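What follows is a single structure, written as structure tokens, with notes after it.
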Amino acid sequence: MDALLLPLIVFCPLLAAGILFVSAGRMPARASCMIGAGSVGLSALLAGRLAASFLAAPLPAGTLHMALWSWMRVEGFSTRIAFALDPLSLVMMLVVTGVGFLILLYACGYMHDDPDIARFFGCMTLFVAAMLVLVFSSDLLSLYIGWEGVGICSYLLIGFWHTDTANVVAARKAFIVTRIGDAAMLCGLLLLATQASTLDIAALLHIVATGPAQLLPATAAFLLLGGAAAKSAQVPLQTWLPDAMAGPTPVSALIHAATMVTAGVYLIARLHPLFMAVPVAMKAVALVGLITLLLAAGSALVQTDIKRILAYSTMSQIGYMFLALGSGAWQAAIFHLVTHAFFKALLFMAAGAVILRVHHRQDIYQMGGLAPAMPVVFSAFLAGAAALAGLPLLTAGFYSKEMILQGAWHANPLLWAGALLGAFATAIYIFRCVFIVFLGTRHTEPTGRTGATMAIPLACLAILALAGGWMEMPDTIAPVHLLSHLLSPLFGTATAEGPSWLLWAGSLVPLAGVGVAWLLWRPRTQARTAPEDAIARLARTGWGFDTLYDTLLVRPFITLGRLNQSDLCDRLSDATAATTRAGSRMLSRMQSGQVRRYAGWIAAGTVVALCLGIRP
Amino acid sequence: MIALPALILLPATGGLTAWLSDRGRQASSLSWWVAITTILLQALLLLFITCTAEWGHGPWLAHFSTPWIPALGIAARMDMDGLSLVMLWLTTLLSFPCVILSARDVGEQPGLFHLLLLATIAGINGVFLATDLFLFFFFWELMLVPMYVLILQWGHEDRRRAAIKFFLFTQGSGLLMLVAILGLVILHQHATGIVTFDYFVLADTPLMPTTAMVLMLGFFVAFAVKLPVVPLHVWLPDTHTQAPTAGSVLLAGILLKTGGYGLIRFVALLFPEAAARFAPVALALGVAGILYGAWLSLAQDDMKRLIAYSSVSHLGFVLLGIFSGSPMGMRGAVVQMVAHGLSTGALFVIAGSLQDRLHTRDMRRMGGLWQALPHLSSVGLFFAIASLGLPGMGNFVGEFLTLLATWRVSPPMAILGTAGLVLSAVYSLTMVGRAFLGPPHAGQGTIHTPPPADFGPRQMTVLSLTMALLLLLGTYPQPVLDLSLPAPAHATPQPEGLHP
Amino acid sequence: MSTPSPTEALLLASILFATGLLGVLARRNLLLMLMSIEIMLNAAALAFIAAGARWHAAQGQVMFLMILSLAAAEAAVGLAIILRLHAAGRPTLDADTGNRLKG
């Protein structure tokens, strides 16, 4: 019974997507909303039911298997479409369906007057289905279906408002950059499939655990890391995420904050024995995370577009997760994934509500003083910001970040120091945003009001962003370890906690960050222009990665292609044809139709023939 | 089984009937009805063949043989294995969009048009069935000539040049194959004293390695031109661009597949040792095709040229799979051929429809078509996504299996092939972005003052079925995978009704 | 008067042939070209006669008779063509304008 629920949870949004696409906009907007949000809501209910029964009576094996059908079966390789539910995918399932349902509910309000709402909900539900496939798959190749499926949904949704060329270009860039990572991942899959003749995750990990140490896991781990880094917008394939903000705000909340971008984290956590077998790969994961979290935090400090601030902050927070993964603190990474899904979705949705009220402006310097006009949105945003900054005790972000800092300390104090610096910057940039947008003098008069369909999800997520962290606490505060306990069959018990001054440092640094932000951007002394020195400009453009890739790769490739547009090989064959034609034209000149000249040729030919005949 | 030659005679007679029914009449759709009936009957016939085939009696499923020119050992011999069956089904399925969508509105002489179309289909069916080398060559030429006339008569602005180019390349390479066939027959006669063109007998000809290589290359070049393999692909973009829509669909969907089929049946199986020695070169050519095709596809402004170069890229995978030397690669190559036939065929339908509506193929003069043509654009988006190899669609299964098979032989080649997947995303999405998305093109109001008609129910039904097939192939490819392994040339079947 | 040796006869034949050839090549008048062709034919016939006399074979004279009839036929056809051309409204005998005949 429970096993049947797994495909059913995927099937609900999939069916909804099918209906919405086939209806092709002939349904009223309200019906599209209901089908879209309702199907995901139904999935969430089923997921809750499944989670309840899973937690109430844990299976002896710890995993619920559901093999659907054999996908490919050929000599030396076979793969199945197979789902499995273990604690990790359980957590992911709840996040995807729960947060997904809230965001879709919010989208009903956000998108209600868009003429293409059926297409929007079609893509969103398809995305949820693909994400669930990604999460449930117990076979890497069927995971890859979901992996690419979420990518294509992200493409469709970033370019949702397709009449604007910038959106289309941003969507294409997002897909292509992630596709580069996907290609690396596919190479990793090919390598693993060649060595193991299967891509079943359990079987693979068994082979890795028992097989002799060799080059295989190392190469495979690095290739998979490439895929994970691209999907999760980590250095060096991070350039697509800020541009992806061109999509509607619910899309940013669902895909580019809560779920899809964390797929890389999920993948590495899912394959953690493979990565643990290769210490170098672990170091690389941690390093990638650290670099990304610092660079992205630096960029977020100087952005002026509210959604881009959140986008860089997402990159930075996923950097934390990678750091945790690389430090071996698997529970911490998943914990942060969950809390991040809560507070970042909340921040995006609150930002979306603000954007709607100020006539689709996104520049924070054109907002200001909005708190009195929209108290609900302000409190929601504040809750999200507090959680993102990790203000101590009260917020979910504090507990998850604290866990990551502990893990980093155990792995390498340098990582810990970098993460702490990142936490400081996080508090500064998000409260800069809060102070500039909601306090100070008003620059744009807000209109309208935020409806219930948008306010209720905001409220729910605000509660989760604050209280969601209480499922896992450091022993110093309270010995609550719900999440680590749940995940322990997979990851083993968490490492012991470090000295308590670590906790103090982790609590005080965000507070200090908020203080600095207050000093710089409090209503009185607020600077209402963005800093304009060279470093700020470099940081605002994402440290020049875009320009670098553009000049080094994209531009030469396109230019050379353009030069060769008419195909060199084709030119060669055309040249052959031209030579032949010229030759024939020359010979055809002999055939002038003049009898006397023919006679001359005959005579000359005879003479030559006679000469040749006589010569020997 | 008498049904095998019927599969060839049926479209041929149907075509003749269509031609006769429309003679002397103008603007009559009678021939169209005859054509549609013919392909329906063909589908039923194939269904009958599939059901009555000798399942479980070894790899060969149906046989037919009757002497033709006994003095030269030529027989009208046809045998069907799983590979032939898959390709025949692909042909039959793709005939429907060809006839239903593209041939309906053909201008002058619809009867002749349908005759040529059905004659080409008859030739293709023959190619997939013939196991007598002479008969094979006969059908090989048979499918070429009507296609040439189709392009010449109903093509676009530069059709003469394109048609001649098409004819020269395919005919010239076909002659090389003829030489190779004759060489093989003569060597067999020298060795055994028997003159025969029988595929199974010739497969056992004892050959020196060098001779085998030379003969194999003769076959290889003919099929490589057809597939096409870089650098012999140059006829393809011109031909596709200039051919009428039905011609493009037929070309991309099936005609190119005869090249892949030939490579499997007459290169890899007839000369296994020579093919194995040639494999590194062929793999390199395959990878070159994947990358070069994708790269040039990216640079095109003409939509049909873009799709044509993308075909070059996709069929590079077929070459990889065939020469990876493992059954897995072979199966992957077949799936890739089927998936490419469906997706690229549909893309050509879309490009052709756009040309009918906008009177241009130039993507610089398109843009923002989604508002005016939402159905057409969304279908175009779907097939573009299928062609970039999204998992869950048929193309991915083919590409994955060929790459996996290639990885076993040579990981660097497989990595380069995977890079082709990135490029395929680039050109597919560029095409979608330039044609369907973005702001409407400034000059569009003047190009088509009455807004162009979107796809109606007829087009949507046919294309939805194509989509469903692609999705089915992508999620449950096992039937095709099981069928697609070609029967070995040495497992000589016992033909029924062989006259003494 | 002594009988000419075959060498002398062949020499004469070659001179005649060369004259005829020169005539065909150099003259533009169709009639004169026909006459030159006759000369060439006769040169060939003379060579046959000489050869026949040299080896006392009858074939030489047989060939001569055949060439004679050939020449007559050739002249008849040639003259007929010229007359047809004239009847078709072509008032010239210039051979070099012959390549402008169309249809």
Would you calculate, for chain A, the mean residue ellipticity at 222 nm contributed by helices, counting each DSSP H stretch of 4 or more residues as -39,500 (n - 2.57) and dividing by all residues, to the nearest 500?
-23500 deg cm²/dmol
Any idea what the relative contact order of chain A is, in percent, if you count C-alpha pairs under 8 Å spaced at least 6 apart?
12 percent
For A:Phe378, the net charge from surrounding residues (Cβ-Cβ under 14 Å; K, R +1; D, E -1) works out to +3
State the percent of C-alpha pairs, over all pairs in segment A:139-543, separated by a distance greater than 35 angstrom.
24 percent
Within 10 Å, at most 15 other Cβ atoms, and a DSSP state outside H, G, I, E, B define an exposed site. Report the longest part of chain B free of exposed trypsin sites (Lys or Arg not before Pro).
B:105-500
For A:Ile117, B:Ile69, order by how many other beta-carbon atoms lie within 10 Å, fewest first:
B:Ile69, A:Ile117
About its Cα centre, how strong a charge dipole does the protein assembly as shown have in debye, to the nearest 20, once Lys and Arg get +1 and Asp and Glu get -1 at the Cβ?
2540 debye
Pairs beyond 24 Å (Cα-Cα), from A:Lys231/A:Lys283; A:Lys283/A:Lys344; A:Lys173/A:Lys283
A:Lys283/A:Lys344; A:Lys173/A:Lys283
Expected integer from the mean partner chain Cβ neighbour count at 10 Å over B:388-396 is 5
Going by Cα centres, segment A:170-187 and segment C:2-55 are how many Å apart?
88 Å
The answer for the per residue Cα convex hull volume of segment B:286-371, in Å³, is 80 Å³
Neighbour cut-off at most 12 other Cβ (10 Å), DSSP loop, trypsin sites (Lys or Arg not before Pro), segment A:543-616
A:Arg589
Distance from segment B:1-68 to segment A:395-455 (C-alpha centre basis), Å:
70 Å
What number comes out for the charge environment of B:Tyr309, summing +1 per Lys or Arg and -1 per Asp or Glu over other residues with Cβ under 13 Å away?
-3
From DSSP H assignment alone, runs of 4+ in chain B each adding -39500 (n - 2.57), the sum over residues rounded to the nearest 500 puts [θ] at 222 nm at -22500 deg cm²/dmol
Within 10 Å of each Cβ of A:160-169, how many other protein chain Cβ atoms are there on average?
5
How big is chain B by Rg and Dmax over its Cα atoms, in Å?
21.8, 73
Name the long-range amide H neighbours of A:Asp139: under 5 Å, sequence gap of 5 or more, or other chain; modelled H, no Pro or chain starts.
A:Ala82, A:Ile201
To one decimal place, what Kirkwood hydrodynamic radius in Å is obtained for the protein assembly as shown from all pairs of distinct Cα atoms?
34.4 Å
Express the Stokes-Einstein translational diffusion coefficient of segment B:1-62 in µm² s⁻¹, to the nearest whole number, given a Kirkwood radius over alpha-carbon pairs, 25 °C and a viscosity of 0.890 mPa s.
188 µm²/s
Charge dipole (debye, nearest 20) of chain A; +1 at Cβ of Lys and Arg, -1 at Cβ of Asp and Glu
1960 debye
Whole-number D in µm² s⁻¹ for segment A:36-100, Kirkwood Cα-pair radius fed into Stokes-Einstein, 10 °C, 1.306 mPa s:
118 µm²/s
Out of the trypsin sites (Lys or Arg not before Pro) in segment A:400-456, which ones are loop residues according to DSSP with at most 16 other C-beta atoms within 10 Å?
A:Arg442, A:Arg449
Arrange the following residues from fewest to most other Cβ atoms within 10 Å of their Cβ: A:Val95, B:Val462.
B:Val462, A:Val95
Could you work out, residue by residue across A:182-194, how many beta carbons of other chains sit within 10 Å of that residue's beta carbon, and then give the average as an integer?
6
At a 10 Å Cβ-Cβ cut-off, how would you order A:Cys569, A:Cys123, A:Cys611, fewest neighbours first?
A:Cys611, A:Cys569, A:Cys123
Taking the simple approach of a point 7 Å from Cα along Cα-to-Cβ for both A:Ser23 and C:Ala72, what is their distance in nm?
10.3 nm
On the Cα set of segment C:6-89, report Rg and Dmax in Å, please.
14.9, 52
Pop out the Kirkwood hydrodynamic radius of segment A:92-202 from its pairwise C-alpha distances, inverse of mean 1/r, in Å to one decimal.
15.5 Å
Expected vector for segment B:200-210, Karplus 3J(HN,Hα) from phi with 6.51, -1.76, 1.60 and θ = phi - 60°, integer Hz, x for Gly and Pro, equals 6, 6, 5, 4, 9, 4, x, 10, 5, x, 5
Summed over the other residues with a beta carbon less than 14 angstrom from that of B:Leu376, with K and R at +1 and D and E at -1, the charge totals 0
Calculate, in nm to one decimal, what A:Thr210 and A:Thr576 gain on full extension: separation in residues at 0.36 nm each, minus their alpha carbon distance.
125.6 nm
Furthest towards positive pole of dipole, B:Phe136, B:His190, B:Ser297, structure part the protein assembly as shown, Cβ charges
B:Ser297
Three-way shape label, segment A:481-616, alpha-carbon gyration tensor, a/c 1.5
prolate
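Each value in this text was obtained by applying a stated rule to the coordinates, not by laboratory testing. This structure is a prediction, so every number in the text was calculated from the model and none was measured. Neighbour counts run over all protein chains shown; Cβ positions are idealised from the backbone, glycine included.
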